[in-house]
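> Below: one structure in structure tokens.
No value in this document is a laboratory result; all are computed from the given coordinates. Fair warning: this is a prediction, and the values are worked out from it, not measured in the lab. Neighbour counts run over all protein chains shown; Cβ positions are idealised from the backbone, glycine included.
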Amino acid sequence: MSYLQLSLYSETLRLETNVQVILAADPAASPCLLLLHGASDNDTIWARWTSIERYANRYGISVVMPGAHLSAFADMRRGPAYETFLMRELPEFLHRHLGLPTARELNLIAGLSMGGYGALRLGLRHPERFSAIGCFSSGNLLVATGFIPGTSDPYGWISLVMGEDINNPALAGNPDFDLFEILAALHADAPLPRVYMACGRDDFLLNCSRMTAERLAAHPALPFYYEESHGAHDWNFWDRYVKHFLDWYTDTEKTLTETTTD
Amino acid sequence: MANIIFHSLSPALHTQRRLRVILPDSRRNDTNLPWLLLLHGAGADGSRWLRMTRAEYYAEAKGIALVLPDGDNGYYTDMRHGYKYYTYLSEDVEADVLRNFPSLSRDPQRRYVAGFEIGGFGALKYALDFPDHFRAAGSFAGGLDPQSLDPDYCVLTFGSYKQAWQAENDLFNRLRTALTDDTRLPDLYISRREQDYLYTVPDRDFASDNAMTSGHTIKVSRFDFNSADPWSFADRSLAWFLDRICPDRAQLFTPPAAADCPDDCHTDCSDDSLADCPTGKPTKE
């Protein structure tokens with residue numbers, strides 16, 4: 001297994017961008033996890049603050065960790081087009097130059113917080129690309145109680161990502177950003193990814209997580225698994241639950257030595 | 001050279017940011033290092049300076065440290081629809097350097113700022129806002145005319161063309177004003193592209209006779225610019241700039257070949273300032 005630090009100019013973003021990659025021993029034949037960071041993080045954060053490389057080695061998977069600033073991994077209305085970059089340009093590059101797989105069965109996507117929302121959004125908007133989705137400490141952010149109209153917009157999600165007026169944003173029901181709308185638009189015939197969600201009981205996004213879990217559970221055709229635990233919106237939780245996610249994904253009895261404390 | 005990538009959380013940008021710091025081996029024991037804050041152009045990041053030019057080699061030859069922030073496509077400006085890249089530059093990068101790199105000099109006489117394209121704009125703006133912070137500033141093909149920007153990009157960055165010319169971003173007028181009074185200015189080194197409109201629009205040419213007689217130092221040079229190889233221009237500009245600010249160490253910039261000059265010309269054009277060349281010939285690659 002190897003670790004790569006990739007810096008490349010993106011024609012989509014029109015910007016030099018960074019991606020951290022953990023390569024399985026046989027990348028073409030191994031699952032590949034697109035792992036997304038949270039708001040205020042970058043491409044290096046998962047590798048620095050969790051043992052993701054150790055877990056990846058244990059399960060024999062590749063992990064791709066892009067940096068996407070505060071874009072919510074979307075094509076920003078005012079800003080670079082991260083969704084197009086992540087769904088088109090980057091996988092083409094990774095496949096062509098690093099041999100990473102494009103097959104649905106070998107691709108999964110997951111993330112924390114802003115990245116959890118991003119994983120659900122991209123996974124459900126592009127269900128033909130992924131066989132599994134993981135969402136840690138997040139959900140449909142548009143219904144989260146912290147994001148009410150007329151409040152400040154420190155991450156620019158309302159004004160820059162969604163292109164809405166922050167004083168009078170039209171959030172709910174937006175077909176591009178409201179996860180419930182995206183969920184409702186899923187074609188029943190298409191193969192759907194399995195979805196995993198986890199949230200800590202002391203997490204300020206707990207309600208948002210529960211509301212989202214309810215909707216996902218109610219979908220007639222979407223395989224869905226949800227768990228809560230002690231813990232808050234922090235890296236102790238995410239280090240533990242990326243492991244739980246990988247356990248669930250591989251559906252085996254593998255256990256890892258618990259090295260993180262709470 | 002010691003090559004460091006420093007990661008930190010930027011309060012202005014609300015994200016983790018990389019800051020690249022290059023420390024010269026020849027001054028390993030020095031705790032008062034001269035250093036150059038070097039800004040990249042559009043679409044690039046700090047690593048591009050290191051990869052596409054001999055910046056690290058030049059810096060080692062001159063015994064100067066480099067600090068290279070990542071400014072995205074933010075025009076080193078607090079964007080109208082975007083993030084606060086100027087505050088990032090002037091506050092967060094400054095704070096990171098002061099807090100974490102004690103060997104980089106606090107003496108303004110040992111501090112320099114320069115940049116390529118939008119980095120040239122950023123460097124000049126920073127130098128004009130904080131003239132006491134720097135000994136010299138450099139602008140290489142500086143994007144000093146916001147009106148030449150892609151319209152969509154201009155709207156995101158400044159709000160509109162009209163707003164792009166608001167006082168603090170109109171570097172032409174700010175310079176003209178500063179040059180006519182006794183304001184202390186860093187020494188300025190401007191490298192312009194052969195094809196630059198600046199050369200053909202005299203009233204916008206701030207490097208005029210007024211400037212030269214006001215006691216300020218402004219040097220202007222023009223290099224060939226091949227749009228298929230923009231970093232070559234940046235490389236030559238950096239070498240030229242470093243020769244100007246650190247003249248006592250290894251010469252990096254090669255003056256033009258004498259074969260192109262008339263036989264009866266006795267001007268020493270190694271300074272490559274246009275004003276010195278009687279034939280008006282531009283400096284050649």
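> Take every DSSP beta bridge with both residues inside the range A:2-250 and express the antiparallel ones as a percent of the total, to the nearest 5.
Percentage antiparallel, nearest 5: 35.
> Only Lys, Arg, Asp and Glu count, each charged at its Cβ (+1, +1, -1, -1), so figure out the dipole size of the range B:96-197 about its Cα centre, rounded to 20 debye.
So the dipole magnitude of the range B:96-197 works out to roughly 340 debye.
> Follow-up question, since we're still on this one. If you take the charge dipole of the protein assembly as shown about its Cα centre, with +1 on Lys and Arg Cβ and -1 on Asp and Glu Cβ, which of A:206, B:1, B:157 is farthest toward its positive end?
A:206
> Size of the dipole of the protein assembly as shown about the Cα centre, Lys and Arg at +1 and Asp and Glu at -1 on the beta carbon, nothing else charged, in debye to 20?
Roughly 680 debye, rounded to the nearest 20.
> How large is the helix-only mean residue ellipticity at 222 nm for the protein assembly as shown, computed as the sum of -39500 (n - 2.57) over DSSP H runs with n ≥ 4, divided by its residue count, in deg cm²/dmol to the nearest 500?
About -7500 deg cm²/dmol.
> Where in the range A:176-242 are there trypsin sites (Lys or Arg not before Pro) that are in a DSSP coil and have at most 11 other Cβ atoms within 10 angstrom of their Cβ?
A:201
> Let me ask something else about it. Considering chain A as a Gaussian network with a 10 Å cut-off on Cα pairs, which listed residue, A:62, A:152, A:209, attains the greatest mean-square fluctuation?
Answer for the Gaussian network model of chain A: A:152.
> Could you work out the relative contact order of chain A? I mean the mean sequence separation of Cα pairs under 8 Å and 6+ apart, divided by the number of residues, in percent.
The normalised contact order for chain A reaches 16 percent.
> Between A:40, A:113, A:137, find the one with the highest GNM mean-square fluctuation for chain A; connect C-alpha pairs within less than 10 Å.
Most flexible of the set in this elastic network: A:40.
> Roughly speaking, what is the centre-to-centre gap between the range B:35-58 and the range A:93-121 when only Cα atoms are used, to the nearest Å?
31
> Still on this structure: Looking only at the protein assembly as shown, where both bridge partners belong to it, what percent of the DSSP beta bridges are antiparallel (to the nearest 5)?
Percent antiparallel among DSSP bridges in the protein assembly as shown is about 35.
> Something else now. Please report how far the C-alpha centroid of the range A:58-90 lies from that of the range B:77-130, rounded to the nearest whole angstrom.
If you average the Cα positions of each part, the centres end up 29 Å apart.
> Would the range A:2-250 count as rounded, prolate or oblate if I go by the C-alpha gyration tensor, calling it rounded below 1.5 in a/c and otherwise prolate when a/b exceeds b/c, oblate otherwise?
rounded
> Next up: Which links in B:62/B:125; B:84/B:162; B:62/B:162 stretch past 30 Å when you go from one Cα to the other?
Pairs exceeding the cut-off: B:62/B:162.
> If you don't mind, another one. In Å, what is the Rg of the alpha-carbon atoms in the protein assembly as shown, and how long is Dmax?
Gyration radius and largest Cα-Cα distance of the protein assembly as shown: 26.4, 90 Å.
> Separate question: What is the sum of charges, Lys and Arg at +1 and Asp and Glu at -1, for the other residues whose Cβ falls under 13 Å from the Cβ of residue B:71?
Net charge around residue B:71: -1.
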